[in-house]
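Asks: One structure, as structure tokens, below. Some questions next.
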Amino acid sequence: KRVLITSYTHAAVDALTMKLIESGVSAREGEDGISALVRIGYESSCHNIVRPILVSNIAAAKEAKEGAQNKGNDSPSAESLYEVISAARIVCVTALTVPRTPLLVKQHFDVVIVDEAGQISQPAILGPLMSADSFVLVGDHMQLPPLVSSEVADQAGYGVSMLKRLADKFPNAVAQLTLQYR
């Protein structure tokens with residue numbers, strides 16, 4: 001099974017990714033030596049602990065190991081990036097990056113886990129939800145709502161998260177967590 005893990009902020013995605021690294025998930029590699037856990041993002045936006053599993057870093061290391069020449073370019077090829085993502089079982093990325101990055105085109109996941117789902121607007125959450133067969137929304141729909149700066153958008157309902165809408169409509173589907181892991 002493949003899992004997409006996402007949240008609204010880089011800090012939240014990195015916090016989840018670091019928990020997975022601490023549990024030893026990133027150390028599990030496939031037959032091709034590619035990490036089971038990868039993070040999509042720019043080095044400048046990611047925590048230092050997460051940087052070794054950035055897709056770009058894994059792809060560059062893979063090319064260096066294979067002796068691939070990239071014609072004077074330090075960046076890995078699109079083919080290598082796609083291979084790394086395709087081989088990963090768990091991909092971590094911000095919610096807004098999912099529909100914007102060509103790296104996730106034609107990538108399918110069995111489940112998407114969205115952290116801080118109560119803070120993500122409905123348009124921002126649709127990209128991740130469309131890339132998987134099922135989803136788990138994690139967060140507190142009674143706390144911070146999505147930030148909406150437009151009064152018109154707020155009146156149109158964009159200030160209400162998907163988590164809140166679903167929790168209100170299907171209260172029996174809500175499970176309250178009893179242990180805080182942060």
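Asks: In Å, the Kirkwood hydrodynamic radius of region 90-182 over pairs of distinct alpha carbons? Could the numbers behind the result be given before it?
Replies: Numbers: mean 1/r = 0.0705 Å⁻¹.
It is 14.2 Å.
Asks: Using unit Cβ charges (K, R positive; D, E negative) and no other charged atoms, how large, in debye to the nearest 20, is the dipole of region 55-153 about its Cα centre?
Replies: Details: 6 positive and 11 negative charges, 59 e Å.
Around 280 debye, computed over region 55-153.
Asks: Let me ask something additional. Leaving ligands, DNA and RNA out of it, rank 35, 149 by accessible area with a 1.4 Å probe, largest first. Don't jump to the answer; show the numbers that get you there.
Replies: Working: 35 10, 149 120 Å².
Sorted descending by solvent-accessible area, the residues read 149, 35.
Asks: While we're here: Do the sum for the chain: with -39,500 (n - 2.57) for every DSSP H run of n ≥ 4, divided by all residues, what is the mean residue ellipticity at 222 nm, to the nearest 500 deg cm²/dmol?
Replies: Values: 6 runs with 57 residues, N = 182.
It lands at -9000 deg cm²/dmol.
Asks: Can you tell me the convex hull volume per residue for the chain, based on C-alpha atoms, in Å³ to the nearest whole number? Each step should come with its number before you reach the end.
Replies: Numbers: hull volume 25.0 nm³, N = 182.
Spread over its residues, the Cα hull of the chain gives 138 Å³ apiece.
Asks: Would you please give the residues with an amide H less than 5 Å from that of residue 135, counting only those at least 5 places away or on a separate chain, with H modeled from the backbone geometry?
Replies: Residues meeting the amide H criterion: 112.
Asks: Where a Cα-Cα gap under 29 Å defines reach, which lysines qualify for residue 106, not counting those fewer than 8 residues away within the same chain?
Replies: Hits, sequence-local ones excluded: 1, 19, 62, 65, 71.
The values are calculated or read from the model by the stated rules, or taken from the named source; none is laboratory data. Only a predicted model underlies this, so the values are computations on that prediction, with no experimental measurement involved. Glycine also receives a Cβ, built like all others from the backbone with ideal geometry; neighbour counts cover every protein chain displayed. Surface accessibility is based on the protein's heavy atoms, side chains included, excluding ligands, DNA and RNA. Shrake-Rupley method; radii C 1.70, N 1.55, O 1.52, S 1.80 Å.
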